[in-house]
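Visitor: Can you read through this structure? Questions will come right after.
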There are 2 protein chains.
Amino acid sequence: MSLLIVGSVAYDGIETPFGEVERILGGSATYISLTSSYLTNQVNLVGVVGKDFSDEDIELFKSRGINLDGLQRDDSGNTFFWKGKYHYDLNNRDTLDTQLNVFERFDPVIPENYKNARYIALGNIEPSLQEKVLDQVENPRFVVMDTMNFWIDRAPEALKKTLKRVHLLVINDSEARELAQEPNLMKAAEKVMAMGPEALIIKKGEHGALLFTENEIFSAPAYPVIDIFDPTGAGDSFMGGLLGWLAYTDDISPQNLRRSVIIGSVMASFCVEEFGPGRLKNLTEKEIYDRYREFRNLSEIPEIS
Amino acid sequence: MSLLIVGSVAYDGIETPFGEVERILGGSATYISLTSSYLTNQVNLVGVVGKDFSDEDIELFKSRGINLDGLQRDDSGNTFFWKGKYHYDLNNRDTLDTQLNVFERFDPVIPENYKNARYIALGNIEPSLQEKVLDQVENPRFVVMDTMNFWIDRAPEALKKTLKRVHLLVINDSEARELAQEPNLMKAAEKVMAMGPEALIIKKGEHGALLFTENEIFSAPAYPVIDIFDPTGAGDSFMGGLLGWLAYTDDISPQNLRRSVIIGSVMASFCVEEFGPGRLKNLTEKEIYDRYREFRNLSEIPEIS
């Protein structure tokens, strides 16, 4: 099934305790589309880049079979640039520089040939723009939305409006607590689901993720990565793996949502192994499914006879 | 197989956002022995109580079939008393009062009929006393040790000495980081295992627990308890369920250690449902195994065909 991805395409400057890159391809739509491209060959990207966007990066998307009909090029400025520095524990980062550039005027226009997409990834952009995307598509089967504290603070009403139209919200634990105004994570999940989405994923970083559906909870483990090289893009890679799997299987049952959470976790675990999207350029099917089996083994509880 | 439990027997005063009790039975040996008594009928307790210890509480232990030959009564003072207050998030507590009383002079003497115990629980007491217990027993098959930041700070050398003689160390994540002097939890686990124990469990509170054995890692989920009434004793209940299961099955394979972690988690999840050990007085086998199955369902990753 076809997959529509809307989000940022960017250049990132990244400092981690293990090294530094001045400028590397980044952005939510980049990570979501690269990772989902390993699972389905109908990936359609919507985003905007500036006059500095390189042919080499265009070629990277193309080499992964990603449709760029919806990638606008705005020659009036440069591509969105973000620079951040991760600390030793890698859970915290400081933003050193943000240049919105052409992304400031981003107006997501969905090409005609994307409008019948069945699966939709709304990357972390302004909630009103996320809703604008939904206004343009025909009859999606499953809409997944990401957001962040920034929008929960600045645009709570627009966010809650969009939330009523999505099937699955993917946020981290602090965002869930803030959105629900509730410190207990289980109660926060209940409150967030009452806002609209029929499923909710709460990412807990090194502690894995929780999937809430109508009648059950699934607790997914985190992959025990000893050497996280660069956490940039891990959350978007999670979303890309998840949605790629759903689009590929066209099955949104709670059982298959569990699988999608693990495929997402697999992609996130690969993402952090190299700077930027480096590791996501050359994955093999065997690597992906081998790691899926590692996740199964990691959390397998033997029966009691 | 017989199980020897050494630790504190106490009275606790507890304040939580949900209520308050002035004085209720507590202590590590209490929680470990009550929970393990549901799994094996050979539970042997070593501890000390003072002149104020009630007949009713003695009867509680006896009603659960717990052998009290090793429970010393010291009429020169009162029983160890601890008073604490939990905050709204229940992850933090303030100690309001600590009266060591007769526990200050606790000298664990192992009765002759306990010395051939095959499974040993060293509750959270001074590391040199834990070692003294090991000096008195004959040939235990499996020794499990708990400790806390207090001993890591105050008696690191004694602790490391004892650690060389135990098979499994059970600590929480902050203790693991402190003991290893390493913020990355995976690296901390490696370092702690290099200190002696062949298995390590790191408890992560609301995020579950990790079991490290020679060649594998097991990630156990936390039970999604919406209403934690009183967290007192949860860690000791975990240890009691775990060791009770191992003593019952007499199987210390990695697969069965996984089961023991879940039985421990089951007991901890019951413990927090009422004040003190209230919920641990009247569990049924059906409740225990039903909750075990809930844990399995909670973290089951479906196969990919």
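Visitor: Please work out if B:Pro127 is out of contact with any Phe, Trp or Tyr (no Cβ under 8 Å at 6 or more places or on another chain) and in contact (Cβ under 8 Å) with a residue 24 or more places away in the chain.
Guide: Details: out of contact with any Phe, Trp or Tyr (no Cβ under 8 Å at 6 or more places or on another chain): no; in contact (Cβ under 8 Å) with a residue 24 or more places away in the chain: yes.
It is false that B:Pro127 is out of contact with any Phe, Trp or Tyr (no Cβ under 8 Å at 6 or more places or on another chain) and in contact (Cβ under 8 Å) with a residue 24 or more places away in the chain.
Visitor: Only residues that are within 13 Å of another protein chain (Cβ to nearest Cβ), assigned to a helix (DSSP H, G or I) and without any contact (Cβ under 8 Å) to a residue 60 or more places away in the chain: list them for region B:287-305, please.
Guide: Step one: filter region B:287-305 for residues within 13 Å of another protein chain (Cβ to nearest Cβ), giving B:288-305.
From what's left, assigned to a helix (DSSP H, G or I): B:288-299.
Correct list: B:Tyr289, B:Asp290, B:Tyr292, B:Arg293, B:Arg296, B:Asn297.
Visitor: What number of residues within region B:182-204 are away from chain A (no Cβ under 13 Å) and over 17 Å from the mean Cα position of the chain (by Cα)?
Guide: Residues in region B:182-204 being away from chain A (no Cβ under 13 Å) and over 17 Å from the mean Cα position of the chain (by Cα): 6 in total.
Visitor: Could you list, in sequence order, the residues of region B:1-50 that are assigned to a loop (DSSP other than H, G, I, E, B) and over 27 Å from B:Glu285 (Cβ atoms)? Explain how you work it out, then say what you get.
Guide: Narrowing region B:1-50 to residues assigned to a loop (DSSP other than H, G, I, E, B): B:1-2, B:7-9, B:17-18, B:27, B:37-42.
Matches in region B:1-50: B:Ser8, B:Pro17, B:Phe18.
Visitor: Can you pull out every residue in region B:130-155 that is out of contact with any strand residue (DSSP E or B) (no Cβ under 7 Å at 6 or more places or on another chain) and charged (D, E, K, R)?
Guide: At the first step, the residues of region B:130-155 found to be out of contact with any strand residue (DSSP E or B) (no Cβ under 7 Å at 6 or more places or on another chain) are B:131-132, B:135-136, B:138-139, B:148-155.
Scanning region B:130-155 gives B:Glu131, B:Lys132, B:Asp135, B:Glu138, B:Asp153, B:Arg154.
Visitor: From the set of residues in region A:273-282 that are under 18 Å from the mean Cα position of the chain (by Cα) and not in a helix (DSSP H, G or I), which is farthest from the other protein chains (Cβ to nearest Cβ)?
Guide: At the first step, the residues of region A:273-282 found to be under 18 Å from the mean Cα position of the chain (by Cα) are A:273-281.
Checking which are not in a helix (DSSP H, G or I) leaves us with A:273-277.
Numbers: A:Glu273: 14, A:Glu274: 18, A:Phe275: 19, A:Gly276: 22, A:Pro277: 24 Å.
Checked region A:273-282; the qualifying residue farthest from the other protein chains (Cβ to nearest Cβ) is A:Pro277.
Visitor: Let me ask another. Is it the case that A:Gln99 is away from chain B (no Cβ under 14 Å) and farther than 21 Å from A:Leu200 by Cα?
Guide: On the way: away from chain B (no Cβ under 14 Å): yes; farther than 21 Å from A:Leu200 by Cα: yes.
For A:Gln99, the condition - away from chain B (no Cβ under 14 Å) and farther than 21 Å from A:Leu200 by Cα - is met.
Visitor: In this structure, is B:Ile152 modelled with pLDDT under 95 and farther than 30 Å from B:Lys281 by Cα?
Guide: yes
Yes/no matrix, rows are residues, columns are (1) closer than 22 Å to B:Asp94 by Cα; (2) surrounded by fewer than 24 Cβ atoms within 10 Å (Cβ to Cβ); (3) away from chain A (no Cβ under 14 Å):
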{"residue": "B:Leu210", "(1), (2), (3)": "no, no, no"}
{"residue": "B:Tyr223", "(1), (2), (3)": "no, yes, no"}
{"residue": "B:Gly233", "(1), (2), (3)": "yes, no, yes"}
{"residue": "B:Gly241", "(1), (2), (3)": "no, no, no"}
{"residue": "B:Gly244", "(1), (2), (3)": "no, no, no"}
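Visitor: Are there any pairs, at least 6 apart or on different chains, whose C-beta atoms fall under 8 Å, with the first in region A:40-61 and under 25 Å from A:Leu242 (Cα atoms) and acidic (Asp, Glu) and the second modelled with pLDDT of 95 or more and not in a loop (DSSP other than H, G, I, E, B), and if so, which?
Guide: Once the first residue is under 25 Å from A:Leu242 (Cα atoms) and acidic (Asp, Glu) and sits in region A:40-61, its partners that are modelled with pLDDT of 95 or more and not in a loop (DSSP other than H, G, I, E, B) give A:Asp57/A:Leu25.
Visitor: I've got another one for you. Looking at region B:246-272, which of its residues are over 19 Å from B:Glu216 (Cα atoms), within 14 Å of another protein chain (Cβ to nearest Cβ) and not in a helix (DSSP H, G or I)?
Guide: B:Val272
Visitor: For B:Glu214, are the conditions met, namely being at pLDDT below 95 and either within 29 Å of A:Asp173 (Cα to Cα) or within 8 Å of chain A (Cβ to nearest Cβ) (or both)? Spell out the reasoning first.
Guide: Working: at pLDDT below 95: yes; either within 29 Å of A:Asp173 (Cα to Cα) or within 8 Å of chain A (Cβ to nearest Cβ) (or both): no.
Spelling it out, it is not the case that B:Glu214 is at pLDDT below 95 and either within 29 Å of A:Asp173 (Cα to Cα) or within 8 Å of chain A (Cβ to nearest Cβ) (or both).
Visitor: Here are B:Ala155, B:Ala188: which of them is free of Cβ contacts under 8 Å to residues at least 24 places away in the same chain, crowded, with 16+ Cβ neighbours inside 10 Å and of a type in the set (Gly, Ala, Ser)?
Guide: The unique qualifying residue is B:Ala188.
Visitor: Sticking with this one: Return only the number of the condition from (1) in contact (Cβ under 8 Å) with a residue 60 or more places away in the chain; (2) surrounded by fewer than 17 Cβ atoms within 10 Å (Cβ to Cβ) that B:Gln181 does not satisfy.
Guide: (1)
Visitor: Sticking with this structure for a sec: Can you name the residue in region A:208-238 that is among the β-branched types (Val, Ile, Thr) and part of a loop (DSSP other than H, G, I, E, B) and, of all such residues, is nearest to B:Asn297 (Cα to Cα)?
Guide: Residues of region A:208-238 that are among the β-branched types (Val, Ile, Thr), as a first pass: A:213, A:217, A:225-226, A:228, A:232.
Add one more test, that the residue is part of a loop (DSSP other than H, G, I, E, B), and what stays is A:213, A:225-226, A:228, A:232.
Numbers: A:Thr213: 14, A:Val225: 25, A:Ile226: 28, A:Ile228: 30, A:Thr232: 32 Å.
Among those that are among the β-branched types (Val, Ile, Thr) and part of a loop (DSSP other than H, G, I, E, B), it is A:Thr213.
The values are calculated or read from the model by the stated rules, or taken from the named source; none is laboratory data. These numbers were taken from a predicted model, which means no experiment stands behind them. Positions of Cβ are backbone-derived with ideal geometry, glycine not excepted, and every protein chain shown enters the neighbour counts.
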